[in-house]
Amino acid sequence: MTTTHRRPARRRVRGHARRGAALVVALVTIAVLASVAAIASSRARQAASVVDNRRSQVTARAMAESGVLAARAHIESELRDVGPDSARVDGVFDALTASNRALVQDTIREGAFATAVVDVSARLDVNAAGAEGLQQLLATVAPPDEARRLAESMEARVRGEASGASLQNDAARLLRWQRDSLAATMLGREPTSRAMHPFTSLDELLTVPGMKAEWLDAIAADLTVDGDGRVNRRAASRRVLAAATGTLVDRPSRLLLISRGWRLGHVLTREIQAVFDVNGTELRLVRWREQDR
């Protein structure tokens, strides 16, 4: 009688089981490592993207600032070159604002800029025109009663008359205005604006109750928040001249330089708007605004 031994078969089964378990462990380990590698790669790409975007932001701002400096230097150089000749000075200003093209533009390594010039003294200053001037301009796009009401509301906001809670602050501002105006007079400069709560952008006019976007759009090219109350009659439109209540001059008293900078190959753009007083052959900074585009 022959005896059958099954122990080797059990060993083979156990050996297969161990190899199967090892294979599962290996597959799980590979899957985990692949997941870790994928996460690490994703984070590396995100970090690289953040660094690249930051680099683009820094480059765009540096280019925009370079555009302002280049345009300012160009204008001052042009004014110095023509000297005191009145006709030639007028020609310089006419050339600056006659074209819609950039005044200066350049590429520096991986960045670029383009800067345009706007004669803001050819527009009606919202903060200095007064209710009468604002009403005159608004009446060209809105019914007379609406134009009057809007003009009075805008003037009340500018003069600080809209909120009784701010009377103490307004009194302090009035004292500072009187002090600064006296100092300006003694130094032979233009008095500072008496606006208590000036508008800082044309978009703020939409907060005035009753103002319609279509009305503002129709007169936006004739309005500014960067003027000094003087109007350049040689460059102003007919309706600006009709509404002007301040001093009329024959040359720009203020210029707005709009400079945009960017990194080549990237869509992010930095815009700087710099307002300058024109003082002889010099431009003196009055206001500086920045925003991403």
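Every read-out reported here was derived from the displayed coordinates using simple, explicitly stated rules and does not represent laboratory data. If you're wondering where the values come from, they're calculated on a predicted model, not measured in any experiment. Methodologically, a virtual Cβ is constructed for each residue, glycine included, from the backbone with ideal geometry; neighbour enumeration extends over all protein chains shown.
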Cβ crowding within 10 Å averaged over residues, with 53-64, 75-86 ranked highest first: 53-64, 75-86
Distance in nm between pseudo-label sites at N279 and S49 (7 Å out along the Cβ direction from Cα): 4.9
Amide H contacts of D106 (H built 1.01 Å from N, under 5 Å, at least 5 apart or other chain): F113
Net lengthening on full extension, R289/D106 (0.36 nm per residue, minus Cα-Cα): 63.7 nm
3J(HN,Hα) from dihedral phi, the range 247-264, Karplus parametrisation 6.51/-1.76/1.60, rounded to Hz, x for glycine, proline: 7, 8, 10, 9, 9, x, 9, 9, 10, 10, 9, 10, 10, 10, x, 7, 8, 4
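Take peptides 144-157, 212-225 and line them up by average Cβ neighbours within 10 Å, highest first, as a rough protection proxy.
Answer by packing, highest mean first, reads 144-157, 212-225.
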Spin-label pair A98/R80, simplified geometry with 7 Å Cα→Cβ offset, distance in nm: 2.5
FRET efficiency, 1/(1 + (r/R0)^6) with R0 22 Å, evaluated for S201 and V141 via beta carbons: 0.70
Other-chain or far-sequence residues with amide H under 5 Å of L223's (modelled H): L124
Nonlocal amide H pairs with V249, under 5 Å, H built at 1.01 Å: V231, N232, R233
HN-Hα J in Hz across the range 126-139 - Karplus 6.51, -1.76, 1.60, θ = phi - 60°, x for Gly and Pro: 4, 8, 10, 6, x, 4, 5, x, 5, 4, 4, 6, 5, 5
Equivalent ellipsoid, the range 194-293 (semi-axes from 5 times Cα gyration tensor eigenvalues, Å): 25, 21, 13
In sequence order, calculated HN-Hα J values of the range 277-293 (Karplus, 6.51, -1.76, 1.60; Hz; x Gly/Pro): 6, 8, 10, x, 9, 10, 10, 10, 5, 10, 8, 9, 10, 9, 7, 8, 10
Ranked by how many other beta carbons lie within 10 Å on average, peptides 87-94, 203-210 from highest: 87-94, 203-210
Label-point gap, in nm, between A26 and A220 - each point 7 angstrom along Cα→Cβ: 6.8
